[in-house]
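Chemist: Would you mind keeping the following structure in view while I ask a few things?
The values are calculated or read from the model by the stated rules, or taken from the named source; none is laboratory data. These figures come from a predicted structure and were not determined experimentally. As a convention, Cβ positions derive from the backbone with ideal geometry for all residues, glycine included, and neighbour counts pool all protein chains shown. With ligands, DNA and RNA removed, areas are computed over all heavy atoms of the protein, side chains included. Shrake-Rupley method; radii C 1.70, N 1.55, O 1.52, S 1.80 Å.
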Amino acid sequence: HLVELLNPERSTSHHPLFQVILGFQNGQEAAFRLPGLQVEVEGVDLSVARADLVFNVAEQYGGTGEPAGIEALAEYATALYDRATVEGFVARWTRLLEQAVTDPARPIGRAELLTPEERTRLLADWNATGTELPAKTLAGLFEDEVRRDPQAPAVLSGTLTLSYGELNARANRLAHWLAGQGVGPEQLVGVVLPRSVEMVIAVLAVLKAGGAYVPVDPEYPQQRREFILADAAPVLVLDEAALRRDLSGFPVTDPGV
């Protein structure tokens, strides 16, 4: 009836309302006796998961009815999980319950689910990505590529294509002009340009001049653009109007050379 009311998107691969079940059986088993027979409950393996993931927890009792711990059974769809993954779920859940019992006043969000080995693997082993880097700036690495193949296409935008050599020459001219305006180390330059060849030239020129660029999307609302620029306080701003100036008189060599 609930499924009919909610009318969720149906699929033959999973239950329409939920995919994870946690069942807690906290009642004593009913006694079942037959004259002259000893009767015991025997579990039956259905070999089919009722949901993607099922945890069935049952309280156990001794012969005189005293509590005898809790038994849990995990059931899972093998098409989605493997045994190791589910065992990991159970181990973390067990660790959570142990900490809750040991320190009931601790907020649940401060419980530590990972073992020391898992934490080391996540934070150290899997992040051991250190590598030797060349002692060059990004602009220097770009210059290496220019020398390697100056005719190779570097930027493509619509029908416009700039080779590495052409891009380098245009960026150098702008970088010389920026340096003349006081741009250098520790200096910020606002770049208010759309995604375009001009934006690539401007960014590269700022780096060649030794400064740092502050990207500002011209599609931002005016109030947002003004806030970013006021907060960054760049020494100057490069926009489409600024890039229309005649820079033909500036050299095409890298200003850092």
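Chemist: With the condition kept exactly as written, say whether any residue in the range 129-136 is closer than 30 Å to Q222 by Cβ, open to solvent by 70 Å² or more (accessible area, probe 1.4 Å) and either among the basic types (K, R) or in a helix (DSSP H, G or I) (or both). Give the derivation first.
Modeler: Residues of the range 129-136 that are closer than 30 Å to Q222 by Cβ, as a first pass: none.
Checked the range 129-136: no residue is closer than 30 Å to Q222 by Cβ, open to solvent by 70 Å² or more (accessible area, probe 1.4 Å) and either among the basic types (K, R) or in a helix (DSSP H, G or I) (or both).
Chemist: So, one more: Against the condition open to solvent by less than 40 Å² (accessible area, probe 1.4 Å), free of Cβ contacts under 8 Å to residues at least 40 places away in the same chain and either in contact with a strand residue (DSSP E or B) (Cβ under 9 Å, 6 or more places away or on another chain) or in a loop (DSSP other than H, G, I, E, B) (or both), how does V189 come out, does it pass? It would help to see each step written out before you state the result.
Modeler: Details: open to solvent by less than 40 Å² (accessible area, probe 1.4 Å): yes; free of Cβ contacts under 8 Å to residues at least 40 places away in the same chain: no; either in contact with a strand residue (DSSP E or B) (Cβ under 9 Å, 6 or more places away or on another chain) or in a loop (DSSP other than H, G, I, E, B) (or both): yes.
For V189, the condition - open to solvent by less than 40 Å² (accessible area, probe 1.4 Å), free of Cβ contacts under 8 Å to residues at least 40 places away in the same chain and either in contact with a strand residue (DSSP E or B) (Cβ under 9 Å, 6 or more places away or on another chain) or in a loop (DSSP other than H, G, I, E, B) (or both) - is not met.
Chemist: Continuing with this model, one more query. From A79, A128, A105, grab the single residue that is more than 30 Å from L5 (Cβ to Cβ) and under 27 Å from the mean Cα position of the chain (by Cα). Talk me through it step by step, then tell me what you get.
Modeler: Details: A79 fails: more than 30 Å from L5 (Cβ to Cβ); A105 fails: under 27 Å from the mean Cα position of the chain (by Cα).
Just a single option satisfies the conditions, and that option is A128.
Chemist: Between R148, R170, which is over 30 Å from the mean Cα position of the chain (by Cα) and farther than 27 Å from V237 by Cα? Full working, then the answer.
Modeler: Numbers: R170 fails: farther than 27 Å from V237 by Cα.
When all the criteria are applied, what remains is R148.
Chemist: Also, quick follow-up: Could you say whether any residue in the range 179-186 is modelled with pLDDT of 95 or more, in contact with a helix residue (DSSP H, G or I) (Cβ under 9 Å, 6 or more places away or on another chain) and not in a helix (DSSP H, G or I)?
Modeler: Taking the range 179-186 and keeping what is modelled with pLDDT of 95 or more, we get none.
Checked against the condition, which is being modelled with pLDDT of 95 or more, in contact with a helix residue (DSSP H, G or I) (Cβ under 9 Å, 6 or more places away or on another chain) and not in a helix (DSSP H, G or I), the range 179-186 yields no hits at all.
Chemist: Within the range 221-257, how many residues are in a loop (DSSP other than H, G, I, E, B), surrounded by 12 or more Cβ atoms within 10 Å (Cβ to Cβ) and free of Cβ contacts under 8 Å to residues at least 12 places away in the same chain?
Modeler: Going residue by residue through the range 221-257, those that are in a loop (DSSP other than H, G, I, E, B) are 221, 233-235, 239-241, 245-257.
Filter again for surrounded by 12 or more Cβ atoms within 10 Å (Cβ to Cβ), leaving 234-235, 239-240, 247, 250-256.
With the extra rule that they be free of Cβ contacts under 8 Å to residues at least 12 places away in the same chain, the set shrinks to none.
Adding up the residues that qualify gives 0.
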